[in-house]
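*Asks:* Once you've had a glance at the structure underneath, I'll fire off some questions.
The values are calculated or read from the model by the stated rules, or taken from the named source; none is laboratory data. No experiment lies behind these values; they were computed from the predicted model shown. Cβ atoms come from the backbone with ideal geometry, glycine included; neighbour counts cover every protein chain shown. Quick note on the areas: whole protein, heavy atoms, side chains included, nothing else; ligands and nucleic acids left out. Shrake-Rupley method; radii C 1.70, N 1.55, O 1.52, S 1.80 Å.
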Amino acid sequence: MTTEDGGDQRPGATDIEKLAGARLTAAARAELLAAQTECTFCFLDADGGPAAVVLSFAVEDGTFWITSVAGRVQVRGVERDPRVSLVVSGTGTTAQGRQMLAVKGTATVHRDIAGLADKLDLLAARLAPEHPDEFVALLSSPGRRLIEVTPTAVVASHDSRRLVGDGRGGPAARPEDDR
């Protein structure tokens, strides 16, 4: 997109304060969620304050699935208050540029996971593709819980590839730089 004088109107052309045009597209969001296996899981602690942990996840039909253990701080937090947020970053993946997605949602802790064997299979295929059966066996312990997060809104998203440069004053990355 250019101005009448030939200037660039994309985000990052003159500042990085107005970044609405640098949000993830639906396709880019799907790519990010396929590439990344960890998220920052945000919940409320016993005092009602913010707390967070890094957890592995899988997404199926827009729902996030996370495994945890009874008594862990995140499980206790969700049992007290189901309001959560998840933040997924492209850091550590092969994704070009910088991507980020933050969603808020409602979480449910599933105590009886026997009826959710397909979700254990989903997690194992995603997190331990070389030995999924062994991972499912580990996930099938008596204290294991599944946390289901149903997103209610996208809080924020960012895709630096939609900026004029790299978002930090430098040139945009070239595909050959990522080899």
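*Asks:* In the range 42-75, what residues are part of a strand (DSSP E or B), over 14 Å from Ala107 (Cβ atoms), more than 11 Å from the chain's Cα centre (by Cα) and touching a residue at least 40 places away in the same chain (Cβ under 8 Å)?
*Replies:* Within the range 42-75, Glu60, Val69 meet the criteria.
*Asks:* Collect the residues in the range 82-102 that are surrounded by 15 or more Cβ atoms within 10 Å (Cβ to Cβ), in a loop (DSSP other than H, G, I, E, B) and not hydroxyl-bearing (Ser, Thr, Tyr), keeping them in residue-number order.
*Replies:* Passing the criteria: Pro82, Gly90, Ala95, Gln96, Gly97, Arg98.
*Asks:* Which condition does Thr25 not pass, out of (1) within 21 Å of Arg98 (Cα to Cα); (2) surrounded by 14 or more Cβ atoms within 10 Å (Cβ to Cβ); (3) over 14 Å from the mean Cα position of the chain (by Cα), if it passes all the others?
*Replies:* (2)
*Asks:* Consider the range 128-139. How many of its residues are buried (at least 16 other Cβ atoms within 10 Å of the Cβ) and touching a strand residue (DSSP E or B) at 6+ places or on another chain (Cβ under 9 Å)?
*Replies:* Summing the residues that are buried (at least 16 other Cβ atoms within 10 Å of the Cβ) and touching a strand residue (DSSP E or B) at 6+ places or on another chain (Cβ under 9 Å) in the range 128-139 gives 1.
*Asks:* Loosely packed, with under 13 Cβ neighbours inside 10 Å and at pLDDT 95 or above: does that describe Ala125?
*Replies:* Details: loosely packed, with under 13 Cβ neighbours inside 10 Å: no; at pLDDT 95 or above: yes.
No, not satisfied.
*Asks:* Could you tell me whether Ala30 is under 16 Å from Leu123 (Cβ atoms) and of a type in the set (Gly, Ala, Ser)? Walk me through how you get there before you give the answer.
*Replies:* Values: under 16 Å from Leu123 (Cβ atoms): no; of a type in the set (Gly, Ala, Ser): yes.
Spelling it out, it is not the case that Ala30 is under 16 Å from Leu123 (Cβ atoms) and of a type in the set (Gly, Ala, Ser).
*Asks:* Follow-up. Looking at Ala70, Ala58, which one is surrounded by 15 or more Cβ atoms within 10 Å (Cβ to Cβ) and not hydroxyl-bearing (Ser, Thr, Tyr)? Let's see the steps before the verdict.
*Replies:* On the way: Ala70 fails: surrounded by 15 or more Cβ atoms within 10 Å (Cβ to Cβ).
None of the other options fit; the residue is Ala58.
*Asks:* Can we say Gly105 is open to solvent by less than 60 Å² (accessible area, probe 1.4 Å), in contact with a Gly (Cβ under 8 Å, 6 or more places away or on another chain) and in contact (Cβ under 8 Å) with a residue 40 or more places away in the chain? Working first, answer last.
*Replies:* Details: open to solvent by less than 60 Å² (accessible area, probe 1.4 Å): yes; in contact with a Gly (Cβ under 8 Å, 6 or more places away or on another chain): no; in contact (Cβ under 8 Å) with a residue 40 or more places away in the chain: yes.
Against the criterion (open to solvent by less than 60 Å² (accessible area, probe 1.4 Å), in contact with a Gly (Cβ under 8 Å, 6 or more places away or on another chain) and in contact (Cβ under 8 Å) with a residue 40 or more places away in the chain), Gly105 does not qualify.
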